[in-house]
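Accompanying notes for the structure given below.
The values are calculated or read from the model by the stated rules, or taken from the named source; none is laboratory data. Fair warning: this is a prediction, and the values are worked out from it, not measured in the lab. Here the Cβ is made from the backbone with ideal geometry for all residues, glycine too, and neighbour counts use every protein chain on show. Quick note on the areas: whole protein, heavy atoms, side chains included, nothing else; ligands and nucleic acids left out. Shrake-Rupley method; radii C 1.70, N 1.55, O 1.52, S 1.80 Å.
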Amino acid sequence: MPQRRLFWQLYRWIFVTTLVVTAIAAWIITSGFKSSLESRALADLKARAALVASDLDPNISPDDSIAATRLVTAVSSKAGVRVTLIRRDGSVLADSQEPSSQAPNQSRQPEVAAALRGDTGSATRFSSLTAEKCAYVAQPLHSNSSVEAIIRFDVPIGYIDRVADAIRLKILILGLLLALLLALVSWSLARRLGQPLMELQQNAERFAKGDFAEKAALRQSGDFVGLAAAMGTMASQLDERIQTVTRQRNEQEAILASMAEGLVAVDREEKILSINRVAASLLELEPDRAVGKTIQEVIRHTDLQQIISKTLADGAPVEEDIV
């Protein structure tokens with residue numbers, strides 16, 4: 001059906017465009033959302049770290065792991081986050097959630113490296129302990145203008161990824177629903193345009209076959225009224241021209257048939273354009289078979305061939321007797 005073909009031609013590009021735009025929008029929105037929430041989580045964690053670190057005694061014995069464990073446990077309970085106390089060499093002195101002996105050296109972690117330089121360090125990465133993404137803030141503990149230890153705070157932020165994934169899924173579902181809505185709109189548009197186009201095509205095919213009887217039956221669709229009117233005018237003009245040519249041809253054939261003299265019309269390539277019955281009888285030819293062929297093919301009379309060639313070459317009348 002024309003409507004179905006038109007529907008797929010319209011909708012396939014709409015469908016692809018809708019999905020691509022939806023996917024790009026989902027990625028942009030969720031990426032901005034994740035970045036904003038992670039920045040807020042880090043800012044909140046930095047504020048807690050600064051508040052807690054200001055009250056800590058930097059002169060913590062690097063060998064007193066029991067006291068250090070009590071300290072990080074108390075701070076963790078107060079701040080509501082995981083707390084890790086790290087020596088200057090990067091080894092873990094105490095951790096509020098795991099034994100310090102099982103913790104690897106932390107000196108290569110970006111937040112710890114920044115804290116060792118005397119700055120407040122921050123980072124977000126996957127934690128093997130919590131098995132999810134975490135935000136980290138490391139605060140240096142100074143004594144006599146030198147870093148004696150580092151206290152690090154971290155909090156799980158994997159929920160941000162889960163929320164972002166849920167939002168992304170909802171946006172994609174919304175995009176699919178929009179694609180379905182556009183499918184209904186495209187089908188309605190295809191039905192609206194398909195029927196008039198089919199009628200115009202059918203009329204054009206009839207015109208090509210010379211049938212102009214139904215030119216007035218063109219549907220005056222609001223979308224194609226101009227095209228329908230133009231095709232109607234074209235059909236009328238073609239009909240008039242064909243009738244004129246047919247009438248002139250009939251008149252010419254009548255004149256040729258009524259002539260007592262033989263007449264042969266040729267073009268510059270000496271191909272026969274027309275021949276009346278008198279000439280065909282004299283030359284013993286069949287008019288229908290002779291038209292379109294050269295003089296040399298149908299007339300085996302050398303003198304007549306020469307007269308015709310001379311007339312075409314000189315462009316002037318030639319009179320001679322042929323025996």
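Just a few scattered comments:
- With respect to (1) open to solvent by 10 Å² or more (accessible area, probe 1.4 Å); (2) closer than 18 Å to Lys46 by Cα; (3) not aromatic (Phe, Trp, Tyr), the lone exception for Val137 is condition (1).
- Matching residues, the stretch 79-102, being small (Gly, Ala, Ser) and within 22 Å of Leu42 (Cβ to Cβ): Ala79, Gly80, Gly90, Ser96
- Unmet requirement for Ile173, which otherwise passes all of (1) modelled with pLDDT of 70 or more; (2) open to solvent by 90 Å² or more (accessible area, probe 1.4 Å): (2)
- Across the stretch 75-112, the qualifying residues are those that are under 16 Å from Pro156 (Cα atoms) and open to solvent by 70 Å² or more (accessible area, probe 1.4 Å), and the one among them that is nearest to the chain's Cα centre (by Cα) is Gln97.
- 3 or more residues under 60 Å from the mean Cα position of the chain (by Cα): qualifying helices (runs of 4 or more DSSP H) within the stretch 259-323: 287-290
- Residue check, Val163 more than 27 Å from the chain's Cα centre (by Cα) and of a type in the set (Val, Ile, Thr): yes
Listed here are the residues, each with its yes/no results for (1) exposed (fewer than 13 other Cβ atoms within 10 Å of the Cβ); (2) acidic (Asp, Glu).
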{"position": "Ile275", "(1), (2)": "no, no"}
{"position": "Val278", "(1), (2)": "no, no"}
{"position": "Glu284", "(1), (2)": "yes, yes"}
{"position": "Val298", "(1), (2)": "no, no"}
{"position": "Ile307", "(1), (2)": "no, no"}
{"position": "Thr311", "(1), (2)": "no, no"}
{"position": "Gly315", "(1), (2)": "yes, no"}
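- Residue match in the stretch 243-265 (condition: farther than 24 Å from Lys209 by Cα, at pLDDT 75 or above and open to solvent by 70 Å² or more (accessible area, probe 1.4 Å)): no
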